[in-house]
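Worksheet: the structure to be examined is printed underneath.
The values are calculated or read from the model by the stated rules, or taken from the named source; none is laboratory data. Just so it is clear, the structure is predicted and the values come from calculations on it, not from any experiment. No Cβ is skipped: glycine too gets one built from the backbone with ideal geometry, and neighbour counts run over all protein chains shown.
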Amino acid sequence: MMSGGCDESPVAPTEAAPSVDRVVFVSSATFTGGLGGVRAADQTCSDLAVAAGLAGIYRAWLSDDAGRSPSVTFTRSDAPFVMTSGVRVADHWADLTDGTINNPIVVDEQGHQPDTVPVVWTGTDPSGQPAASGATCRGWTDASGGVSGQVGVFDAIGLGWSVSPTVACDQLARLYCFEQ
């Protein structure tokens, strides 16, 4: 007769510490491609989050030609990425950057779904690397119509969520903001 339960076995599973979800949202505000650079876009994401009562540090899903990109600047973690509505976008960093996401990022920092301007400035491919197009509105500092920027579409789950056709930098688009 055996004594003890499974929890006394040296090979019994142990309870893992719960992971803390990371919030992601599409910005309620729209911008031309003259964002002031990646750092300014990061600050915009943080400002939008604070105004909506969201805790944490936020970065824009944005790359430039100076080497800044989510693959370099984002904190990688096993925590799930969820919208402010609680709907899961990706199970963890590797899932986020595998080419598709679980659900489109269609909820803003206030918990609403924008009904206009479905494009999002990215300059980034779905792996978090700078997009092959190199279209970054001259490092996100130029809002002129003769320059282009890489966008994604916020209601897509395939590659298009991060890489869709480029648009002129004088057009309006949103930002994807990710809690770090």
Whether any residue in the stretch 115-122 is surrounded by 20 or more Cβ atoms within 10 Å (Cβ to Cβ) and within 21 Å of V50 (Cβ to Cβ) is what I want to check. yes
Answer yes if at least one residue in the stretch 169-176 is out of contact with any Ser or Thr (no Cβ under 9 Å at 6 or more places or on another chain) and surrounded by fewer than 19 Cβ atoms within 10 Å (Cβ to Cβ), and no otherwise. no
Looking only at the stretch 53-76, and only at residues there that are more than 13 Å from the chain's Cα centre (by Cα) and crowded, with 16+ Cβ neighbours inside 10 Å, the one that is nearest to W93 (Cα to Cα): R68
Test for V87: is it closer than 26 Å to L159 by Cα, surrounded by fewer than 16 Cβ atoms within 10 Å (Cβ to Cβ), under 15 Å from the mean Cα position of the chain (by Cα) and modelled with pLDDT of 95 or more: yes
Residues that are more than 18 Å from R68 (Cα to Cα) and either surrounded by 19 or more Cβ atoms within 10 Å (Cβ to Cβ) or of a type in the set (A, V, I, L, M, F, W, C) (or both), drawn from the stretch 136-147: A143, V147
Residues of the stretch 36-65 that turn out to be farther than 20 Å from W161 by Cα, of a type in the set (A, V, I, L, M), in contact with a Ser or Thr (Cβ under 9 Å, 6 or more places away or on another chain) and in a loop (DSSP other than H, G, I, E, B), as a count: 3
Is it the case that some residue within the stretch 100-109 is aliphatic (A, V, I, L, M), surrounded by 15 or more Cβ atoms within 10 Å (Cβ to Cβ), touching a strand residue (DSSP E or B) at 6+ places or on another chain (Cβ under 7 Å) and not in a loop (DSSP other than H, G, I, E, B)? no
In the set D95, D78, which member is of a type outside the set (A, V, I, L, M), under 16 Å from D21 (Cα atoms) and assigned to a helix (DSSP H, G or I)? D95
Elements of type strands (runs of 3 or more DSSP E) in the stretch 117-180, at least 1 residues being of a type outside the set (F, W, Y), at pLDDT 95 or above and within 14 Å of the chain's Cα centre (by Cα): 119-121, 148-153, 176-179
Given (1) free of Cβ contacts under 8 Å to residues at least 40 places away in the same chain; (2) over 22 Å from A49 (Cβ atoms), where does T100 come up short, assuming only one miss? (1)
Does any residue in the stretch 140-163 that is within 29 Å of N102 (Cβ to Cβ) come within less than 8 Å, Cβ to Cβ, of a residue that is among the basic types (K, R) and buried (at least 19 other Cβ atoms within 10 Å of the Cβ) six or more places away or on a different chain, and which pairs are these? F154/R174
Considering only the stretch 61-74, state which residues are modelled with pLDDT under 95 and over 12 Å from P130 (Cα atoms). none
